[in-house]
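No value in this document is a laboratory result; all are computed from the given coordinates. In this text, all values refer to a predicted model and were calculated from it rather than measured experimentally. Cβ: placed from backbone, ideal geometry, glycine included. Neighbour counts: every protein chain shown.
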Amino acid sequence: MKNAELARKAGEQTRQLMRNHFVSGTEGFLSPPTDLLQELRENSVSSNRYASYFYNLETLSRNIVWIITHREVEHFVNDNLANPPSPTSLDYGNLSRNFQHAFMLRLAMIMHAYLKEKYPYKNVSELMKDDEPKTLCSAIAIPMWELSKATGIQPSMSYSLYALWNWKKKNPLKPLTLANVEMPYSFTGTVDEKWFVWIHQVIEATVATGIEALLKAYFLAKHDPAPEMITPLLQTAARTENRAVDILQRMREKCDYKTYFDQVRLFYTLPKKIIFENVAELEGKPMEILGETGGQSPSRHFRLMIMDITHSTDAYFPRMRLHMSAKHQELLDIISDSNIRRYVLEHGDNSALLRAHNSLIQAFVDWRIEHLFLVRDYIKTYGETHGTGKPPLDWLEKLIEETKKYIIDYK
């Protein structure tokens, strides 16, 4: 097959795979902002039998900062969400994908606020030592469990919900940037919390063209093309990755260390063991769920996996995938056979190809190093020993050293 035909076919396969798995060429794994009440009308849920329930859920979500501040979460849940749609009266799996995720985002935020209010904790390290199961009321537990089965996301507020479904552009006609992004739902309403999430959301959009380039390289590498076809694709991915590191370095501009530690981060985590009240399938057995963390980003797992960087023996890294939507997990399964790295090793005498590959891997390393510095300033300096996703902070240094090993020596 000639180069032009190979390139055309790889482009078609890439676009098809991205469409099938809800990945955009401009915004990556970010999903379009979704109006819950509009979705309710479009899905005609039981002839709007649950219209008042979803109206209450939306009202609660939009006023969650006030409700949290006045310690009224449990009260509002009991008064307004006590009768959620039961799995016998609502087919959660048959709702539109947008409806499922919009529903789950709002409910998951209320879940985390509820648990933090009902079972106060000072830090994640304290949570990790507490083996006593905590109960999540059935008003939240039952729909969260059903939505988890429908979306494939663990029943909690994951990165996929909090970051990928919780954004909009201030100006829809302009690209997504730090000056053109808004976060509809937050726990504190502070600029610090929003800036923290905006950084992640803009990074997701920034690496979108790199993701598309890597997918093209994935399909091309199967046919052993000339290095000149793979090299520019890896160069594109490396450029977007370096821009992502630059954006990450801006975290300190509007996210204060102490505000983040004292007011924001504890909403991201949750008790070590949770009993989902009246969820028959669990038979009263507590679940152990990781807290929300950027380590659950499907785009980061995608970029590492397609370059054959694995942490398969790690206690936490594979578990992060369970906090992604089913379609994103499926995409990771598809590209798990990537041979881009093997292709580069076989063409290691091509200096441009090797430099492009190593530039990308070095960018991954640079990302992890910058992230480690941020963790030290925002978390470790206050005596905390665990991240919101619950792994010990020393885990991050291990990931850096493992990633460095994938840089290929020059022949």
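First obtain the Kirkwood hydrodynamic radius of the stretch 123-274 from its Cα pairs, then insert it into the Stokes-Einstein equation at 20 °C and 1.002 mPa s, and state the resulting D in µm² per second as a whole number. In µm²/s, the coefficient is 116.
Give me C255, C137 ranked fewest to most by other Cβ atoms within 10 Å of their Cβ, as a rough exposure proxy.
C137, C255
Peptide packing: for 210-218, 244-252, the average count of neighbouring Cβ atoms within 10 Å per residue gives the ranking 210-218, 244-252, highest mean first.
Using the Kyte-Doolittle scale, which helices in the chain average at least -0.5 and also have C-alpha atoms spread 27 Å or more along the helix axis, with helices defined as whole DSSP H runs? Present the calculation step by step, with values, prior to reporting the outcome.
Values: long enough: 97-118 (31 Å, -0.11); 227-248 (31 Å, 0.00); 351-378 (40 Å, 0.22).
Passing helices, by number: 97-118, 227-248, 351-378.
Each distinct pair of alpha carbons in the stretch 282-334 adds a 1/r term; the inverse of their mean, the Kirkwood radius, is 12.1 Å.
Select from K380, K122, K273 the residue whose mean-square fluctuation is largest in a Gaussian network model of the chain (Cα-Cα springs shorter than 10 Å). Judging by the Gaussian network model, the answer is K122.
Note on the stretch 1-125: semi-axes of the ellipsoid equivalent to its C-alpha gyration tensor, largest first and rounded to whole Å, are 39, 21, 12.
Sorting the segments 232-240, 294-302 by their mean number of nearby beta carbons within 10 angstrom, highest to lowest, gives 294-302, 232-240. Peptides 98-111, 27-40, 173-186 ranked from most to least packed, by the mean per-residue count of other Cβ atoms within 10 Å: 98-111, 27-40, 173-186.
Taking the square roots of 5 times each eigenvalue of the Cα gyration tensor of the stretch 210-314, largest first, gives ellipsoid semi-axes of 38, 24, 9 Å. Using C-alpha pairs under 8 Å with a sequence gap of at least 6, the mean separation divided by the residue count of the stretch 3-404 gives a relative contact order of 22 percent.
For the pair the stretch 1-30 / the stretch 312-352, the C-alpha centres are spaced 17 Å from each other. In this structure, D337 and R15 have a Cβ-Cβ separation that, at R0 = 25 Å, corresponds to a calculated FRET efficiency of about 0.80. Over the stretch 3-404, the alpha carbon radius of gyration divided by the compact-protein estimate 2.2 N^0.38 Å works out to 1.00.
Remark: C-alpha extents of the stretch 22-71 on the principal axes read 41, 34, 10 Å, sorted largest to smallest.
In the frame of its principal axes, the stretch 83-193 has Cα extents of 48, 39, 22 Å, reported largest first. Average 1/r across all pairs of distinct alpha carbons in the stretch 263-372, invert it, and you get the Kirkwood radius: 16.8 Å.
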